[in-house]
Every structure is written in C-alpha cells, then in structure tokens.
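A.B. asks: Encoded as structure tokens, here's the structure I'll be asking about.
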Amino acid sequence: GPLVSALPHSSFQSSSESSVSYAAYNAKLNRRDGAGGWSPMVTDQEPWLQVDLREQMEVTAVATQGRYDSWDWVSSYLLLYSDTGRAWKQYRHEDGVGRFVGNGNSESVVQNKLSHPVRTRFLRFVPLDWNPSGWMGLRVEVYGCSYKSYVADFDGRSSLLYRFNQKSMSTVKDVISLRFKSHQAEGVLLHGEGQRGDYITLELHRGRLDLYLNLGEARFSSHRVPVTVGSLLDDQHWHSVHIERFNKQVNLTVDSYTQRFQTKGEGHSLEVDYELSFGGIPLPGKPGTFLRKNFNGCMENLYYNGINVIDLAKRRKPQIHSVGNVTFSCSQPQLVACTFVSSSSSFLSLPSASPAVGGFSVRFQFRTWNPEGLLLSVQLNPDPQKLRLQISNSWLRLTLHSSGRQKSEVSAGERVSDGLWHSVSLDGRNLQITLTVDNEPSSTIELWEQVQSRGSLYFGGCAATAPDCQGFAPAFQGCMRLIFINSQLMNLSHVQQGLLGNYNELQFDTCNIKDRCLPNLCEHGARCSQMWSSFSCDCSGTGYAGATCHNSIYESSCEAYKLSGSSSGFYFIDPDGSGPLGPTQVYCNMTEKKVWTVLSHNSTAPVTVQTSSLQKPHVMIFNYSASAKQLRAIVSGSEQRKILSCGTYYGSPLSWWLDREGEKRSYWGGFLPGVQQCSCSLEENCIDMNYFCNCDADTDTWANDTGVLSYKDHLPVSQIVIGDTDRMGSQAVYHIGPLRCYGDRSIWNAASFYQESSYLYFPTLQAELASDISFYFKTSTPSGVFLENQGLKDFIRVELSCECTLCLQYETQWHYVRAERNAKEASVQVDQLPLRFLEAPADGHLRLRLSSQLFVGGTASQQRGFLGCIRSLTVNGVSFDLEERAKMTPGVSAGCPGYCTGSSSLCHNRGRCVEKSNGYICDCSQSAYGGTTCNQEVSVSFDRESSVTYTFQEPFSVMQNRSSQASTSSTDSRAREDVALSFVTSQRPAMLLTVSTFSQQYIAVILATNGSVQIWYHLQTGKKPDVFTPTPSNLADGRLHRIRIHRVGKNLYVQVSNTSTGSPYTLSSDAELILIRSLTLGKVTRASKGFIGCLSSVQFNHVAPLKVALTNRGSSLVTVRGPLVQSNCGALAESHTLQGKTSTSMTLMICLLRLTNTRADCFCVVTAVVFITVCALAVVIRLVYQQRRAQRSSGSIKEEHRHSMYTDYRTELHLHNPVRDSVKEYYI
C-alpha cells in the first residue's frame, strides 16, 4: 500500500527549496499543500528530494506527479536508497538502466514498478530532466509493505554455532537463505564439514561470494575451486543469498544473479559433523578448514532448512552457541564516499589542515576500474616543488617534481584498478616521503630538506585555475572515502554544503561504481574487461567477432564457402551463426557439382569382428568431429542423408545400431524405421531371395549390403552392436565412413511479394540484448517495409526508403542487409558498403518488450508493404522457412523467379549473377577470376625481375572497404583483411606478395630459404613484426599451392594447400591498416630477389591486381616491371588435384563380410552421408532502419583473351624503410 501519505513533515528533506511554501513536506501525491509540491532553488545544481519511511520497508513501486496547477514537473529521475540516510545506492532495473520515466504535465500520475523490490528506510529522488518551459516540481508516493526482520551484528571476531542433536547431520536437500551487508571485502558467512570429507563454506572474497561445496570427494583436497557469484558486495548495502541443493544439483542466487552447477564428489548427501558456524570459523586450526577472516557486518533473516537461526540465538535457545560479541541490531559504521564522475573535469580541492610538526600526511581510500588517473596533486614548500600521485598502468606512481626538470619517482601497489577499495598513505617527514598501499611494504623518496604542503590539495583532478596542475589527464574516475589531511578527517558533507573546499562533477554520499562485466555481456566465452564507463570484449580464440563477440567469423556451411569463392579443403563452419553452438571443423569437397560437407569420426578403417555374442557383443561408439548439438543442427538442415549399411537377421535382431539419441534401431538402409530389411530386398537382387539381406545368407563367401538411411531424426549413427560371431569360422568386417552432407537449403529459401497488403507472419521475436537480423532482397520499387515487430512502446522495423530515380537501376539484383544490436552499439550493413554504427547509451540498450507477431514483407496496418523477393532470412542464427509460409498466404508465392535465384551457382569465385531481360551475365569485377562465369583463372608467369604493383586510387582504411560480398555475412570487425593467392615455383627464397601503407605498416607473404611460407604482419611502428610459419613443409616443390589469409582484429586464420591451421594465430595488435599505399607481387626492390614461377588468382579484399594488369593495360593504378606471360598453370594443377580427391573418396565405399559354414547375423555399414543446411545470422532489437541505396551503374563483363604481354618498367616502387629493411629477413 501507500507509505508516504501518512508521514509527518520531519520525514521529508531536500537539497533546497524555493521558499517555505515549496518545502519538501508539501511533496505528497495528489495534495495541494503550500505551493502544491516541492521545487528547489533555481541555483541548486544538485537537487534531490528525500523521504524517510521511519522504518525498514519493502518498496515495490514509486509514483510521481508535477507541482499542482503549474508548469513545473520532472520528466526523468534517478532513485537512490539507503538504510541510514548517509550511504546511498542507485536503484537499477534488471537491464542495468537506472533512469526512471517521469511526468509530461503537472497533474497526471506516473507509477514505476520496481523490477526487484528493495528493503530500505530512506529514498531519494534525483531529478535529471524537467519541463524546459517551467521548472522542477515533484509530488511523490512510495508503495510497499513492512516486513519482519531478524538481525545479527558480527564484529569480525564473533560467530554463531548451530549445533545438531546428533553427532552428524546428513541431508539430501538443503535450503539456506540470508541477507547481509558489510564494508569489508573478506569474511566467512557460513561453514560446516564432516569426517568423510564433506564441506560447505560460503565466504566473501574480494567483494564476491564464493561457495565451496563437496560431497564425498577425497578428504582435505588441496585443490578447492569455488563457484563465484556477485561483485562489489562490500558496498554497505543489503544483499540477498539463496542456496538450494538437491542431491548434486545446486542453485546459488545472489541478488538477481543465479549460478547453477553440480557438486564435486561421488556422494549425493551433505554430511556435516556437530555444527554449522555462521559469521566465521571458530577454530581455524581444525584440520581441513580454511584459514579465512571472519565476517564483519550484519546478517538478516538467516534460515537453515527452515530454522530461523538468529531468532533462536536471540531467544538464547540451547542449540545456538554464541562465540564473541554478537548483537541483535545492525550498528555498522557508515563510511561516506564521494564519486568522481568525469574523466576530464572532476576534482575535489581541500585546504591543508594544521600541519603536523616536521612535515605532512595524507590518507584516503579509493576504488576504480580505470588503469590511469590522477589521484592527488600537492604544492610543496619550499617552492617550486610539487607532488603527484597517479594510477599508471594499474600501479600507483608517486612523482616529486623539483626545480627545472628534476624529478624522483617510486611505484607501489599492483592491480589497483580492480574495483576493490585500496588504502593509500602519504607521509612526508624525516627527510623522506613514504608511500604505503594496503599495508604493503612502503616505497620512499629521499629528500634534501624537509617539505610541507602548501595551498589546497587537489584530489582526482585539477581546477582550471589551479597552478601547475594541468596536463595530467586523465582525471580520476572512481570513489574516495576517509580522506585525512595531517591526521584530520575531512567532512565531505561540509564540502557538499559549500562550507569546505571546492569541487566539480562529484556525487556525494554514494559510491556509484558498477560492475559492467556482471552479467558478462561478452558472448561465446569471450573475456570481459572494463573501465569506469564502458566495457570491452576480447574475442581471441572464440571464433567470433564484433563489439560483444556476437558474430561468427565462419560461414554456416560449405555451400556458403563455395559461394564466396573458396575451393576444397578443411574449414570451420558455424551451423547456427551467432547462436550458442560454436564452430566445428569439416572437410568441404567442392570438386563435384554438389558441395559435400564431410564430418569424420574415430573409426574410419575397416573393423573385423570375431567372438562376439549376445551376452558379450562387439560394441563400437562413434565420436564425430562435432558435438551432438552441432550434429543435430547440421542434420536438421539437410536435404538428403545417406548411410550405406548391411545386414541383420530376419526376426529378432542380433545386430543393431543406436541413433543420435541413443535409441536402439534395427532397420537398415533403404527402408523406413521399423522394417528390418536391407536395400537388396527392396531392389530384389539379394543373393538368396529367401533372406532380406545378403549378409543373412548362409554362404561361405564374402558378401556385402549397401543402402540408404534417410530418416534425419535418427542420424547420425552413434553406436553399432554386433553379436553372434563367436562360432568357428564366423567373422564380420564393417566399415563406417564419415558423415557426408551437401547443400544449404536456407540460402535460397525465398518468398515473392506481389501485393503491398500481403505479408508473412511468424511468432514474436525474442528480443535479446545482443541480436541480429540478416536477409537478401531484390525489388523494383523504391520503398517498402521488410519486417516489423511491435510492442506497446518498443518496436523493430527494417524498411527500404529510396528517394532517387537511380534506385531502380539494380532492380533485379540481390542486396544483402545485416542489422545488429548489442549492449555496446547498433549497426547496419548493406552489401559491401561500410558499416554504419550507432553507439549505445551510457547504460546500454534496453531489452525490448515486443508483443505483436513478426510481420515479414509488410506491416500490421497492411500499408507500405514490400514488393519483390526476400530470401535467407535469419534471426539470431535461426533460419525462417519463408517458402512454407508463403504457400498458404495470398499475394505471396514461394521462391523467386529469375535465373539468379536458384541454389545452383551460375557465377563462380565471388562472381555476381546479374539478371537480364533475356538471360543473365556474371559480373566478375569483384573476383580474381575471369571468363563468362568467373571460373577462368588469371595466371601469370614471373621471372626474377618481374613485378606487378597495384597503387590504390586513394588512401583508405580497410574498415571503410570491407571485402565481404553480397553472398557472405560480415563479421563487423573494424580491422579485417582477406588475402588469397595460388603459386607454383621451385625457387627459394622468394617474395610472393607485399602490402604497404603510408603509415609504415605492411603485410608480406614470402618463401623462406627452406621453402616454408612465412606471413609477416607489421601493424605498430616501433615494434617488431609478427612472423608466422603455418607449415614447415617445402612449398617450392613445383606443385600448385594456395594460400588464404583472413584477419579479424588480432585473430589471423591461415589455410595453406587446403589445410587449415585450426586455431587462429594471435597478432600483437588489432590495429587496422591505415592509408594503404600499394600491393606488390614479385620483386620489391632492385636488390631483392624476386619470384620465379607462376602466380594466379591473387586477391586482396576487393582488389585483383593480376587481373587489372592483364585487362587494363593502360591503367595508372598498375605498374609492371619486367616480362609477364599469361599462363594456365593453376588450372592444370587444380585439375590434377581434383582427380586425386575423387578416387580417394571412392575408397570409402568398401565393406566385406565373410560367413563360413554357419549362419551369422552380422552388420556392415559402409559409409554415412548426410547433407548439411543451416545459415546463421541473428536478431536485431529495437532497430528502426531506413536505408537509401546509392547505386552504381553496372558495366558489361569483358572477355579476357590476352595470351602474352610485355611492358616496360615505368616507375620505381618506393617502399617505406621498415618494409625495405625487412626484405632481407625472409632468407632466414
């Protein structure tokens, strides 16, 4: 119910009031007392209204109203709460946002329900925005109820012991709940242990809550790993803890964060001897216990399995024993802090107190996340000495500046930017200045003469008028408390009231620190690091990229790799894109018309089975190269699944297999589930027509069976069991090949919209904090809504809006759209255009509340609908089946008409299919290949003096020229390169490719003296380059080799001759290439050795330098030195390689079974083949997107029929010194 209406005048306070009639006690909801509400003075820079509820209450909602009959109201505000009215904490919603929506006029009441109730006595309303045509005016109400509280106060040397009625207590289920508050970051809250090795310990450690729980593991194990929840729990505010255990399953909840886990050990019950202790460990010398600090703070409503421990202790019940001084009221001291808000303008200046004899001293405590910041600046006598204390690279550094440029420095502390409170003491006496941090050994600066502080001391930063204090940016961002100057405590309340010192951009009575890594918004296991006002994600080694590591850097299928111009080889695929499954390595076979995805397992060689019986059968478990969930995603997206198998006994089966769920299956290839037959029975060609499988015939010759398993819900085979081969002369040989899949049906899943009023509808989007949407479209109209999902206030809409006549030029072309929204930013990308970013608000994006269905191709109002085709729509890695929904929707048809809409690749190697009225053509401008379908290699033979240099038309950033094509998804990384080239040579060493920039960065691909390939990355001037050798093999062997290099940030992915390096290499920097100058193939300088051999299919991002050199002979962008002869070496070598791969795959189709003089019921599986389908991208949240397409006129495709070309040397290639100096190093 309402809690404010009956409060006396004394329960209201404010920072100021315009006059008595505007006093705080007039701020009751719907009242007209005085001037009809509270209004502060116009000069009040930090206004607030405070309400004392007189006792602890559970607050569930607040309501606000403007000042009666006026133009004064508050449109947004913060809500603070406190137990004592001294130390305050800001209330934040579950999504971390602290701003409350206020009023739009003076009379309406706006109520805000709290997403999680707070138990408090004091509330403070802090206005943020108000009516610009008036002033601040507030009337408030608070809703909630009283609650029963049992409190105990522990002083760090006390505890409560709950003693059992018997020697030990063994429980299968436990429920423990309590609330606590403390100003210390260490202390044991709960402990119990048993003789068999069981233990439970709950303790504060570094401001987090650690739970140690063991059921029957080895006694006194030295390696104990806790489950950790929470952060910054030493903030003097109440925190709730709830522990639920049933057998080995445990839920640990701290405030609103829950961690679920299984206990260690083999037991299912918790056995504790004699007692449980709360607040500490009374006997720290007891074997098996932790030597930890006792808890110093208050506990409230402590329940153990329904028993109110504090109530029993308060009533002096015999089962509770009190150790030390435990009191039953919370009298913990309130340590008042202030917050330095700005990294540029916050400061606190305080006058020097009466100086101590013979020197000065300063003590204070601070906490921050920032690794840099100025803590203290002091002018010293004799002049002109000054002292600076600052955080530098998370260490504390004390600098004494003397006359001229002389200075002395010492450092102390380590990792002081960890968010914990740290104490600092500066003492200047006895001809030395001593710096002490957290009671660690001191660091000292020796003096020639005694010094004293002079003038004001500046904490956290400097005023603009402060002498000799500027230039020490950044200022400190964080909290300070307990500031002593010359042993006198500074009263921060007097500072706030203007009675002491001066300040700027400070918040008083609160430490407004926030752990931005809790919960961890970095996805896919990425590591979170933070500053005071932001966080960042380290995506290294995760396989994902982007601000929150949301986007997979891999394609979703082998089909997608082929569309991007890749050739056969090992690749990582990510079946659900930005979803949770993660990437897995597969082999992509692109030598046939179909693209095959091959997943291997642990037993690919033929296996001979003898002496197996039903009592002791032969069992083989197959472990695939992907997890069960990944396999499920691959199989569920397949169009065709094949398994070649053989025999079983007709009747009760003596051999069987298990599906992916572990279910027993006895049907074989060619038949539906439940039919125990083989394919020879279906084809009526079994060697003995009395049996349904060749393997069942009683012959003394080898036989085999092949067939197809096409029921995808059972694939792949996880286990095979073979029995009844234990008779003399009986044996079986089975061979199971890898799981093979082809295609990706989601890529071409499309729908055509013919009416503006038509749309497809799907269930409401689950709007996560990090989500994305992607799709392809083509249209002939300049506007239309692609999709829309609405809520009461929130909505998502992706819309095309084009206002120029040129928009229709690409009416028949596919365009790619990807939009993402995460906790740090929102972004949109169209085709190959640069990403457009919009930074998130300081508190991050809100979680959207959507309620309507998702409309695709239109809106709920049936206006501004989309006309055209949409395909490959994915939301958070889940593909939408547009075709199936279109079959039952008027005005929409499944598929999309045109040559370029099918799943067959008409244009290869990144070529773009362009619809024409009487056919199509392939635009090969973004491909390193030529020809009518972009499949003709552009190959050139080089001699020792040959080189090709491509000069970029203008300096550009790689970020602004992303190479992702319309057929692939972008990783949204701000630093990315894609490099591909093929070569044939017998010479070593050799220079293959060099990229240089105007900013002295470079990339180089070389062959070393041993023939191994080396990749050089030099991204930071003044530092050594990163050098990687992907394979030690000699590649100067006269064979064709292909190198693919893909960089995302610090991650470098390399593939050499269809062999991936697996895990990425890690660069020393994630800097982007700035102002790229040129790319050179072959000889770099006159003194260097060049390249003798053949280069083909060279591509750097969107540039194909060999192709430009051959097709644009007069181009000013290309400089050719020495003779260049067009060749076909790559095509010839590739043809030879493909033939070898085809014969290798055929060897997997072998399976033999021998039965001699006896009947055997045996089983032979030849090979498993399954087709993969999935395309992954993800969901956008609350993204209103309007796009204006800037179109380019398409040029006709040129045929390339140049057989040889010689050009004269034009200009010398000028490389920067770092590149030139590095050239000699490739001989190593």
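A.B. asks: For the charge dipole of the stretch 151-323, defined by +1 on Lys and Arg C-beta atoms and -1 on Asp and Glu C-beta atoms about the Cα centroid, which residue among Phe164, Ser322, Ser277 has the Cα displaced farthest towards the positive pole?
C.D. replies: Phe164
A.B. asks: Find out how many positive minus negative residues lie around Asn430, taking Lys and Arg as positive, Asp and Glu as negative, among other residues whose Cβ is under 15 Å from that of Asn430. If you can, show how the numbers build up before the last one.
C.D. replies: Values: positive: Arg429; negative: Asp427, Glu446, Glu449.
Taking every other residue near Asn430 into account, the sum is -2.
A.B. asks: Can you give the extra length, in nm with one decimal, that the chain gains between Arg727 and Asn251 once fully stretched, where that is 0.36 nm per residue apart less the Cα-Cα distance? Don't skip to the end; give the middle numbers.
C.D. replies: Values: separation 476, 0.36 × 476 = 171.36 nm, distance 5.42 nm.
Result: 165.9 nm gained on full extension.
A.B. asks: Taking Lys514 as the anchor, which aspartates and glutamates have their alpha carbon closer than 14 Å to its alpha carbon, excluding any fewer than eight residues away along the same chain?
C.D. replies: Glu94, Asp95, Asp234, Asp235, Asp418, Asp843
A.B. asks: Now a separate question. Report, ordered by chain and residue number, the aspartates and glutamates lying within cross-link reach of Lys1089, taken as a straight Cα distance under 16 Å and ignoring same-chain residues fewer than 8 apart.
C.D. replies: Here the aspartates and glutamates satisfying the reach criterion relative to Lys1089 are Asp943, Glu945, Glu1212, Asp1221, Glu1225.
A.B. asks: A further question follows. What distance in nm separates the simple spin-label points at Ser442 and Ser331, each placed 7 Å from Cα in the Cβ direction?
C.D. replies: Modelled inter-label distance: 3.5 nm.
A.B. asks: Please compute the modelled spin-label separation between Leu489 and Thr1029, points set 7 Å along Cα→Cβ, answer in nm with one decimal.
C.D. replies: Modelled inter-label distance: 6.6 nm.
A.B. asks: Could you list the residues of the stretch 317-336 with an amide nitrogen less than 15 Å from a label point located 7 Å from the Cα of Arg157 in the Cα-to-C-beta direction?
C.D. replies: So the set is 323-327.
A.B. asks: What's the center-to-center distance, using Cα atoms, between the stretch 101-160 and the stretch 394-464 in Å?
C.D. replies: 41
A.B. asks: Find the centroid of the Cα atoms in the stretch 582-612 and in the stretch 560-580, then give the distance between the two in whole Å.
C.D. replies: Each part reduced to its Cα centre gives a spacing of 17 Å.
A.B. asks: Quick check: at a probe of 1.4 Å, how many percent of the accessible area of the stretch 9-146 sits on carbon and sulfur atoms? Walk me through the numbers before you get to the answer.
C.D. replies: On the way: 2770 of 5740 Å².
Looking at the stretch 9-146 in its full context, I get 48 percent from C and S.
A.B. asks: In the stretch 156-221, what chymotrypsin sites (Phe, Trp or Tyr not before Pro) fall in a loop by DSSP, with at most 13 other Cβ atoms inside 10 Å?
C.D. replies: Answer in residue order: Phe220.
A.B. asks: Expected output is a single nm value to one decimal: the length gained when fully extending between Val410 and Gln166, i.e. 0.36 nm times separation in residues minus the C-alpha distance. What is it?
C.D. replies: Working: separation 244, 0.36 × 244 = 87.84 nm, distance 5.94 nm.
Between Val410 and Gln166, full extension yields 81.9 nm more.
A.B. asks: Under a 1.4 Å probe, what is the accessible area of the stretch 337-508 per residue, stated in Å²?
C.D. replies: Working: 7500 Å² over 172 residues.
For the stretch 337-508, the per-residue accessible area is 44 Å².
A.B. asks: While we're on this one: Any idea how far apart Val1125 and Lys314 come out in nm if each label point goes 7 Å out from Cα toward Cβ?
C.D. replies: Modelled inter-label distance: 9.9 nm.
A.B. asks: Report the gain in length on full extension from Ser322 to Thr701: 0.36 nm times residue separation, minus Cα-Cα distance, nm rounded to one decimal.
C.D. replies: Working: separation 379, 0.36 × 379 = 136.44 nm, distance 8.55 nm.
Gain on stretching Ser322 to Thr701: 127.9 nm.
A.B. asks: Also: Output the relative contact order of the stretch 9-146, whole-number percent, from Cα pairs under 8 angstrom with separation of 6+ residues.
C.D. replies: Details: 380 pairs, mean separation 45.4, N = 138.
It rounds to 33 percent for the stretch 9-146.
A.B. asks: Would you mind giving the average projected area, over all directions, of the Cα convex hull of the stretch 816-907 in nm² with one decimal?
C.D. replies: On the way: hull surface 34.3 nm².
Quarter of the Cα hull surface area: 8.6 nm².
A.B. asks: Given the pairs Lys1023/Lys1083; Lys1024/Lys1083; Lys562/Lys629; Lys148/Lys793, which span a C-alpha to C-alpha distance of over 27 angstrom in this model? Don't skip to the answer; put the middle values down first.
C.D. replies: Values: Lys1023/Lys1083 25 Å; Lys1024/Lys1083 23 Å; Lys562/Lys629 24 Å; Lys148/Lys793 38 Å.
Listed pairs above 27 Å: Lys148/Lys793.
A.B. asks: Just tell me which aspartates and glutamates come within less than 18 Å, Cα to Cα, of Lys887; anything on the same chain fewer than 8 places away is out.
C.D. replies: Leaving aside aspartates and glutamates fewer than 8 places away in the same chain, those within reach of Lys887 are Glu756.
The values are calculated or read from the model by the stated rules, or taken from the named source; none is laboratory data. Source: prediction; values computed, not measured. Cβ: placed from backbone, ideal geometry, glycine included. Neighbour counts: every protein chain shown. SASA here: full protein model, heavy atoms, side chains in, ligands and nucleic acids out. Shrake-Rupley method; radii C 1.70, N 1.55, O 1.52, S 1.80 Å.
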